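I have placed the structure first, in the form of structure tokens, so that the comments after it can refer back to it.
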Amino acid sequence: MSAPATRRPARPRSKPKPQMSARRRRAIFEALRAANPAPRTELEYSSPFELLVAVVLSAQATDKGVNLATRKLFPVANTPAAILALGIEGLTTYIRTIGLFNSKAKHLIETCRVLVERHGGIVPRTREELEALPGVGRKTANVILNTAFGEPTMAVDTHIFRVANRTGLAPGKTVRAVEDGLVRTTPPEFLQDAHHWLILLGRYTCKARRPECERCVIAKDCDYFRGI
Ligand code: SF4
């Protein structure tokens, strides 16, 4: 008779971090809302198309640098047809102070062409159509859906990724895991503005090298500050 099969011992795992309680999660967003009741993107725009251009230009660039460029560009060309008419060379003269301007000019001209030819010059409102535009990925689509069209989406950039992990709001190893975690767990009443609050928190307070916990409005409910 053969010996009975034995179960292999489970591999030791590090203890998972306990999930943040709903009470603390709500307290964090209430504190962020109290400090800034109507958060806005720092990119300057006056239409969904201007926002799309600004967001495409903002990849690996500062909002301040993008605003300096678009303040000159938009009075001259702020529709897909007008930017298409500028051509790559014409557009480049306005955006050459911004990092990766060559590839951004190429993408924007192609995007304008698609908008004119397939969408009547209008920025589409669905994720699929937005992500089909040249140079527009999931993050940019999320910004447009949230900020231009009021959808409860979460565009996770480097700041939000860091803040979500540090605070314990939505720990995750990938951008998509953090996005899904934030969308799933953020109380609905805060979801529309959560993207802006978390970006601003990461940009000005919860900085990468040295978070300024001593002046942070959510410190008492933050995992990092509480040593969790
Ligand atoms: S308490 Fe510190 S670690 Fe936590 S969010 Fe604020 S700045 Fe970041």
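In the chain, helices alone account for a calculated mean residue ellipticity at 222 nm of -16500 deg cm²/dmol, with every DSSP H run of four or more residues adding -39,500 (n - 2.57).
The relative contact order of the chain, computed from alpha carbon pairs under 8 Å that lie at least 6 residues apart in sequence, is 20 percent. Axis angle, to the nearest 10 degrees, between helix 22-35 and the longest C-alpha principal axis of the chain: 40 degrees.
Please report Rg over Rh for region 48-148, where both radii come from the alpha carbon positions and Rh follows the Kirkwood definition.
0.92
Partner aspartates and glutamates whose Cα lies under 12 Å from the Cα of K139, excluding those fewer than 8 positions away in the same chain, are identified as E131, D157, E179.
For K64, list the aspartates and glutamates whose Cα falls under 14 Å from its own Cα; do not include residues on the same chain fewer than 8 positions away. Of all the aspartates and glutamates, those that pass the test against K64 - Cα under 14 Å, at least 8 places apart if same chain - are E42, E44.
Remark: E129, E50 ranked as E129, E50, counting other beta-carbon atoms within 10 Å and listing the fewest first. Using Stokes-Einstein with the Kirkwood hydrodynamic radius over Cα pairs, what translational diffusion coefficient do you get for region 154-226 at 20 °C and a viscosity of 1.002 mPa s, in µm²/s rounded to a whole number? So the translational diffusion coefficient is about 177 µm²/s. Here the residues I218, I88, I98, I160, ranked from fewest to most Cβ neighbours within 10 Å of their Cβ, fall in the order I88, I98, I218, I160. Counting only Cα atoms, the chain measures 79, 58, 31 Å along its principal axes, largest extent leading. Over region 96-228, the hull volume per residue, using the convex hull of the C-alpha atoms, is 130 Å³. Its relative contact order, with pairs defined as Cα atoms under 8 Å and 6+ residues apart, puts region 63-154 at 21 percent. Which angle between 0 and 90 degrees, to the nearest 10, do you get for helix 63-73 versus the longest principal axis of the chain when only C-alpha atoms count? In the chain, helix 63-73 runs at an angle near 20 degrees to the longest axis.
Between 0 and 90 degrees, the angle of helix 80-95 with respect to the longest Cα principal axis of the chain falls at about 80 degrees.
Each reported figure results from applying straightforward, stated rules to the coordinates on display, with no laboratory input. Source: prediction; values computed, not measured. Cβ sites come from the backbone with ideal geometry, for glycine too, and all protein chains shown count toward neighbours.
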